[in-house]
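Only one structure is covered here, and it is reproduced in the block below.
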Amino acid sequence: MEFRHLRCFTVLAEELHFGRAAQRLAMTQPPLSMSIRQLEAGVGARLFERNSRGVALTAAGQAFLPRAQALLEQAALAAREARDVGQGLAGRLQIGFAGTVLYRGLPQVLRGFAAAHPRLRLALRELSSSEQLVELVHDRLDLGFVHTTRVPPGFSQILVSSQPFMACLPADHPLAHRKRLPLEDLRSESFAVVMRAVSPDYHDRILAACADAGFEPSLAFELRHWLSVVSVIAQGLGVGLVPAALQQAGLPGVTFVPLTRPLAPYDTHCLWRTGRDQPALGAFLATVRAAAQPGHDPPLA
């Protein structure tokens, strides 16, 4: 049984006239008759009565008609969905992101993308940069927003955000009123940092910056999320060096002070497997590239 046989059957069932049905199907009557005979042979029952008065559906034909119509509708729907996915008009993307990207324009970009591509579904997972790399390598993510320069081979990236580190202090800290702060002034403080297993690049960078300032920080808290670092500091339990975007979290009880000697910036990269033929991914990357350009609204950088 072939879909062309079903199409011939449903049109003839609607017209109940070989000539009109053949005209609608853009074919002549002999191949239409052949298709109907082949379908009846495959079904194992006569579907039409043919006599001098014309053509009529048999009881078997009447029972077969709604199922044949449903099969044709499902096939058309499947073809349309496949075509839309192939053109980047529909589909699903798995996206990973590190938490601080929520404060660097990602929600606005997602809303803008959803408005422009309403049939593309985005599933987002908050993961550390290290966790995202594992998921990307095993193709469990289509792309990720990471804070790392340790890009595995076979992946491409876009720099979407670059922001400074700032000293984060309890609001009542004696140094909280400073306009700028030398890092060495924090040598006697207890530090809250993101643990190395979660963000090795930035954990090591903070320790190296402290070493350059002439001291080894006392690590009182090693936490999984930057927001947890700020929360601990807000409780007066330490100080830290955090990305500037965390000012937008609006947590009370903390002050952010620029450093006299800036650290290397905190960069966000969009990362994906090079050469992946996925139109939905291409559409999303086009949005990311546009958002990364200076002056674009909403900006990621």
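Considering (1) assigned by TED's automatic domain parsing to the domain that holds T274; (2) at pLDDT below 90, say which one F155 fails and leave the rest. All conditions are met except number (2).
Being touching a strand residue (DSSP E or B) at 6+ places or on another chain (Cβ under 7 Å) and within 30 Å of A286 (Cα to Cα) is the requirement here; does V198 meet it? No: the conditions fail for V198.
When the residues of segment 107-151 are narrowed to those that are assigned to a helix (DSSP H, G or I) and among the polar types (S, T, N, Q), which ends up farthest from the chain's Cα centre (by Cα)? Going through the qualifying residues, I end up with S130. Taken together, E135, E184 contain a single residue that is surrounded by fewer than 16 Cβ atoms within 10 Å (Cβ to Cβ) and modelled with pLDDT of 90 or more, which is E184. For segment 224-234, residues that are surrounded by fewer than 21 Cβ atoms within 10 Å (Cβ to Cβ) and modelled with pLDDT under 95 total 4.
Filtering segment 38-62 to residues that are out of contact with any strand residue (DSSP E or B) (no Cβ under 9 Å at 6 or more places or on another chain) and over 16 Å from G19 (Cα atoms) leaves Q38, L39, A41, G42, V43, G44, A45, R46, A59, A60, Q62.
The set of residues in segment 187-213 that are touching a residue at least 40 places away in the same chain (Cβ under 8 Å), crowded, with 17+ Cβ neighbours inside 10 Å and part of a strand (DSSP E or B) comprises F191, A192, V193. For V43, state whether it is over 22 Å from A76 (Cβ atoms), among the β-branched types (V, I, T) and surrounded by 14 or more Cβ atoms within 10 Å (Cβ to Cβ). In short, no. When the test is whether a residue is in a helix (DSSP H, G or I), farther than 30 Å from L223 by Cα, in the same structural domain as F284 (by TED's automatic domain parsing) and modelled with pLDDT under 85, A75 does not pass it.
In segment 2-22, what residues are over 19 Å from G42 (Cβ atoms) and surrounded by fewer than 15 Cβ atoms within 10 Å (Cβ to Cβ)? E14, L16, H17, G19, R20, listed by residue number. Beta carbons closer than 8 Å, at least 6 apart along the sequence or on distinct chains, pair a first residue in segment 1-26 that is in contact (Cβ under 8 Å) with a residue 60 or more places away in the chain with a second that is polar (S, T, N, Q) for T10/Q69. Sub-8 Å Cβ pairs linking a first residue in segment 36-65 that is within 17 Å of H5 (Cβ to Cβ) to a second residue that is of a type in the set (D, E, K, R) and in a strand (DSSP E or B), at least 6 apart or interchain, are V55/E49; L57/E49; T58/E49, ordered by first then second residue.
Going through (1) in a helix (DSSP H, G or I); (2) at pLDDT below 85; (3) surrounded by 16 or more Cβ atoms within 10 Å (Cβ to Cβ) one by one, L89 falls short only on (1).
The values are calculated or read from the model by the stated rules, or taken from the named source; none is laboratory data. Everything numeric here is computed off the predicted structure, so don't read it as measured data. Cβ coordinates were reconstructed from backbone atoms using ideal geometry, including for glycine residues, and neighbour counts include every protein chain displayed.
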